[in-house]
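All of the numbers you see were taken from the coordinates with simple rules; none came from a lab. Bear in mind the structure is a predicted one, so any value in this text is a computation, not a measurement. Don't worry about glycine lacking a Cβ; one is built from the backbone with ideal geometry, like all the others, and counts go over all protein chains shown.
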Amino acid sequence: MESQLLSQLSNASLLQCSAFIDGQWCDSAQGKTFSVLNPATEQVIAQVANLGASDTEQAIKAAKLAQVSWRQKSAKDRAHVLEYWYDLVIENTDDLALIMSTENGKSLQESMGEVAYSASFIKWFAEEAKRVYGDVVPLAQTDKRGIIIKQPVGVVAAITPWNFPSAMITRKVAPALAVGCAVVLKPAAETPLSALALAYLAQQAGLPAGLFNVVTGDDANAIGGVLTSHPDVKKLTFTGSTPVGKLLMNQCSATVKRTSMELGGNAPLIIFDDADLDLVVPGIVNAKFRNSGQTCISANRILVQEGIYTQFIERLQRTVSAFKFGVFSDQDTTHGPMITKQAKTNLHAKVKKAVAQGATLLCGGQLSDDPGYFYPATVLTDLTSDMDIFKEEIFGPVAAVYQFSDQTQAVAMANDTEFGLAAYFYTENMRRSWQVSEALEYGMVGVNETAIGAEMIPFGGVKESGQGREGSKYGLDDYLEIKYVCHGNIS
Ligand code: NAP
């Protein structure tokens, strides 16, 4: 229960179980709560305020009011607050990682990495927002001047997933706040504690009340319904699955809200015959098994050229057999559980269906009765592109391996999906490297590299993987309106 996690924290104030609206920690209007579980033990960690539609309306009201004076401040003044927030996140890394590992299950090392990644967006956007430049446009008439300025969109609704409980929040909230917007956030019901800890630190950093509201709850339809229909919300930024993203885009259409969408993926990872396997294997450990395979840029389809196939499979099997799935507090744990029982059941069903359709199960694929939503590292081979698993996001520690014969076939297989988030390939051939990078229909491509995330790069997808980019100098654009001002009669 709460007390167990509390006793482990150096800064007990980071464990907040109330929602955060207008600078106040508050319970739901009906006093309802929902349980947050540790997926590695299935034990309840906390009871968190379970808000609904009317609470969400309150949060939007507070955000609208707070934004009026926040947008008037200079970018430099706003940056000061964000810089202090960044410092506090870094100072509290150990506790934030503990909270994250407890509610998400990922290893402490991964959580520490995520806290640093999460903090990096706060610092980056504090800096970038000072460089939101406009333009002066030469017009056809000499007595007119065209001026282009950029202004905050207003109140932003943000909806985020559980797989990166902190970074998916700061990647949205930091740019929004930095340019003068206010935010109402609905974090995933599985991982609200990381979100609330971030809000607590923002408050400590001096962020004025009402600018960052966290509406916790397990009724996503009710909260999301208000966020996507309320006329005072001017933009929705969403990270999550493609079906939910499509639903929310539909809901936003009635009030013509701007939307940005970071959605699902079906990343190919292509290994050409000339690849350096010493690079490939650690690359796959990262791209396929980080967060136990529960990442949107996870290598979903591993495409291996015939000449290197046998050697690769041997190396992969040896590597995954050394993984240790367990609770994050065990020293030797390398990988955590699936997020929910349902996620584990769904994953097992995908593996069983692939085997029924002709796949070979090289290792893993067995469920255990031990507590926790663990799924073993699994390798499936003899897969073909007509099997269901080729089209689905696996979202778990299951490596799906396919064979190809030449570059043309590899690129065709890689692009044969409605998704277009991340793709990777390994080759030592420079010409091929250019050709394949340009041919892949993806928003991000890793060449001989799978650790592609960073605050300074534009993260995002094409096709049904989304719209808009987060991070980088482009990451502010989604929170800014462009206004054209024509000055006439000046000759
Ligand atoms: P999800 O089911 O789409 O949920 C994501 C968020 O949407 C959660 O906060 C969820 O709330 C909320 N939600 C669900 N239904 C809703 C509704 N009807 N109205 C309003 N909100 C609703 O996705 P997930 O399973 O948590 O996350 C995994 C997916 O996210 C994968 O497809 C992954 O690829 C994608 N993802 C993409 C990126 C990227 O940058 N492109 C990054 C990370 C993850 P509840 O938790 O309360 O249900």
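So here's what we get for this one:
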item: Computed label-point distance, nm, for sites GLU91 and ALA454 using a 7 Å Cα→Cβ extension; result: 2.9
item: Calculated FRET value between THR310 and SER13, using beta carbons and R₀ = 51 Å, to 0.05; result: 0.40
item: Cα-based Rg and Dmax for the range 267-454, where Dmax is the largest Cα-Cα distance (Å); result: 15.8, 50
item: Burial order of peptide ranges 21-31, 210-220, 407-417 (average beta-carbon count within 10 Å, highest first); result: 210-220, 407-417, 21-31
item: Phi-based couplings in Hz for the range 262-272 (Karplus 6.51, -1.76, 1.60; Gly and Pro marked x); result: 10, 10, x, x, 8, 5, x, 10, 9, 10, 7
item: The range 267-454: antiparallel DSSP beta bridges as a percent of all, rounded to 5; result: 10
item: Exposure proxy order (Cβ contacts within 10 Å, fewest to most) of ILE45, ILE339, ILE147; result: ILE147, ILE45, ILE339
item: Estimated FRET transfer efficiency (ASP382, THR41; beta-carbon r; R0 35 Å; 0.05); result: 0.45
item: Inter-probe distance in nm under a simple model that places probes 7 Å from Cα toward Cβ, at GLN317 and SER229; result: 5.6
item: Additional length obtainable on full extension of the chain from ASN250 to HIS80, 0.36 nm per residue less Cα span; result: 57.5 nm
item: With Cα atoms, 0 to 90° folded angle of helix 75-91 axis to the chain main axis; result: 40
item: Percent of beta bridges antiparallel (DSSP, the chain, rounded to nearest 5); result: 40
item: Distance between the range 277-305 and the range 373-408 - C-alpha centres, whole angstrom; result: 11
item: Between the range 5-59 and the range 174-190, the alpha-carbon center distance in angstrom; result: 17
item: Helix 277-289 vs. the chain, principal-axis angle (Cα, 0 to 90°, nearest 10); result: 60
item: Under 16 Å from the ASP219 label point (7 Å along Cα→beta-carbon), backbone N, the range 29-65; result: 29-35, 48-59
item: Karplus-derived 3J(HN,Hα), 6.51/-1.76/1.60, for each residue of the range 432-445, Hz, glycine and proline x; result: 4, 4, 5, 4, 6, 4, 6, 7, 6, 8, 9, x, 9, 10
item: Alpha carbon convex hull of the chain, projected area averaged over orientations, nm²; result: 24.7
item: Ranked TYR479, TYR133, TYR117, criterion: other C-beta atoms within 10 Å, fewest first; result: TYR133, TYR117, TYR479
